[in-house]
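Taking it in order: structure first as C-alpha coordinates, then the write-up.
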Amino acid sequence: MSTFKKGVALGLGLAAAGFEKAEQVIDELVKKGEMTRDEAKEVMKTYQTKGESVQRSILTDLNFATQDDIARLEARIDGLEQQLNREE
(Lines give C-alpha, C1' and ligand atoms only; values in the text may rest on other atoms or scores of the structure.)
Protein backbone atom coordinates (compact mmCIF):
# COMPACT_ATOMS: atom_id res chain seq x y z
CA MET A 1 0.00 0.00 0.00
CA SER A 2 1.39 3.38 -0.94
CA THR A 3 2.19 5.99 1.70
CA PHE A 4 -0.62 8.15 0.35
CA LYS A 5 -3.20 5.37 0.69
CA LYS A 6 -1.93 4.57 4.17
CA GLY A 7 -2.33 8.23 5.12
CA VAL A 8 -5.90 8.35 3.82
CA ALA A 9 -6.74 5.10 5.62
CA LEU A 10 -5.20 6.43 8.83
CA GLY A 11 -7.17 9.66 8.58
CA LEU A 12 -10.44 7.83 8.00
CA GLY A 13 -9.64 5.46 10.86
CA LEU A 14 -8.96 8.36 13.20
CA ALA A 15 -12.23 9.97 12.17
CA ALA A 16 -14.11 6.74 12.94
CA ALA A 17 -12.33 6.42 16.28
CA GLY A 18 -13.20 10.03 17.09
CA PHE A 19 -16.86 9.37 16.32
CA GLU A 20 -16.88 6.29 18.56
CA LYS A 21 -15.22 8.22 21.38
CA ALA A 22 -17.77 11.01 21.03
CA GLU A 23 -20.57 8.43 21.27
CA GLN A 24 -19.05 7.04 24.46
CA VAL A 25 -18.73 10.47 26.07
CA ILE A 26 -22.28 11.41 25.13
CA ASP A 27 -23.64 8.09 26.41
CA GLU A 28 -21.91 8.77 29.74
CA LEU A 29 -23.48 12.23 29.91
CA VAL A 30 -26.92 10.70 29.30
CA LYS A 31 -26.34 8.06 31.99
CA LYS A 32 -25.33 10.77 34.47
CA GLY A 33 -28.45 12.77 33.59
CA GLU A 34 -26.45 15.71 32.29
CA MET A 35 -28.01 15.37 28.83
CA THR A 36 -31.29 13.96 27.55
CA ARG A 37 -31.43 11.23 24.93
CA ASP A 38 -32.91 13.73 22.45
CA GLU A 39 -30.08 16.20 23.11
CA ALA A 40 -27.58 13.38 22.64
CA LYS A 41 -29.12 12.44 19.29
CA GLU A 42 -28.96 16.07 18.14
CA VAL A 43 -25.33 16.45 19.21
CA MET A 44 -24.33 13.23 17.45
CA LYS A 45 -26.22 14.27 14.31
CA THR A 46 -24.41 17.63 14.31
CA TYR A 47 -21.04 15.93 14.97
CA GLN A 48 -21.62 13.44 12.16
CA THR A 49 -22.73 16.14 9.70
CA LYS A 50 -19.66 18.23 10.50
CA GLY A 51 -17.39 15.18 10.10
CA GLU A 52 -18.92 14.30 6.74
CA SER A 53 -18.48 17.88 5.57
CA VAL A 54 -14.81 17.90 6.59
CA GLN A 55 -14.28 14.50 4.95
CA ARG A 56 -15.85 15.71 1.67
CA SER A 57 -13.70 18.82 1.78
CA ILE A 58 -10.51 16.78 2.27
CA LEU A 59 -11.38 14.37 -0.53
CA THR A 60 -12.23 17.30 -2.81
CA ASP A 61 -8.92 18.99 -1.99
CA LEU A 62 -7.15 15.72 -2.84
CA ASN A 63 -9.08 15.65 -6.14
CA PHE A 64 -10.89 12.37 -5.43
CA ALA A 65 -13.92 11.58 -7.59
CA THR A 66 -17.25 11.94 -5.82
CA GLN A 67 -20.20 9.61 -6.29
CA ASP A 68 -21.81 12.33 -8.39
CA ASP A 69 -18.68 12.52 -10.57
CA ILE A 70 -18.74 8.76 -11.08
CA ALA A 71 -22.49 8.69 -11.82
CA ARG A 72 -22.06 11.50 -14.35
CA LEU A 73 -19.21 9.63 -16.08
CA GLU A 74 -21.19 6.36 -16.09
CA ALA A 75 -24.14 8.13 -17.72
CA ARG A 76 -21.83 9.66 -20.29
CA ILE A 77 -20.26 6.26 -21.05
CA ASP A 78 -23.73 4.69 -21.40
CA GLY A 79 -24.71 7.43 -23.85
CA LEU A 80 -21.55 6.92 -25.89
CA GLU A 81 -22.06 3.14 -25.94
CA GLN A 82 -25.62 3.60 -27.19
CA GLN A 83 -24.40 6.00 -29.85
CA LEU A 84 -21.76 3.50 -30.99
CA ASN A 85 -24.27 0.64 -31.08
CA ARG A 86 -26.62 2.70 -33.28
CA GLU A 87 -23.80 3.48 -35.70
CA GLU A 88 -22.90 -0.20 -36.10
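The values are calculated or read from the model by the stated rules, or taken from the named source; none is laboratory data. Keep in mind it's a predicted model, so treat the numbers as computed, not measured. No Cβ is skipped: glycine too gets one built from the backbone with ideal geometry, and neighbour counts run over all protein chains shown. Areas reflect the complete protein model, heavy atoms only, side chains present, ligands, DNA and RNA absent. Shrake-Rupley method; radii C 1.70, N 1.55, O 1.52, S 1.80 Å.
Some points to look at:
- Taking all protein chains together and rolling a 1.4 Å probe, Leu73 ends up with roughly 100 Å² accessible.
- Average accessible surface area per residue within the stretch 15-78, 1.4 Å rolling probe, Å²: 83
- Helical segments meeting 27 Å axial Cα length and Kyte-Doolittle -1.0 threshold in the chain (DSSP H): 3-31
- Residues Thr49 and Asp69, FRET efficiency given R0 of 35 Å [Cβ-Cβ distance, rounded to 0.05]: 0.95
- Surface accessible to a 1.4 Å probe, Val43 within the full protein complex, Å²: 60
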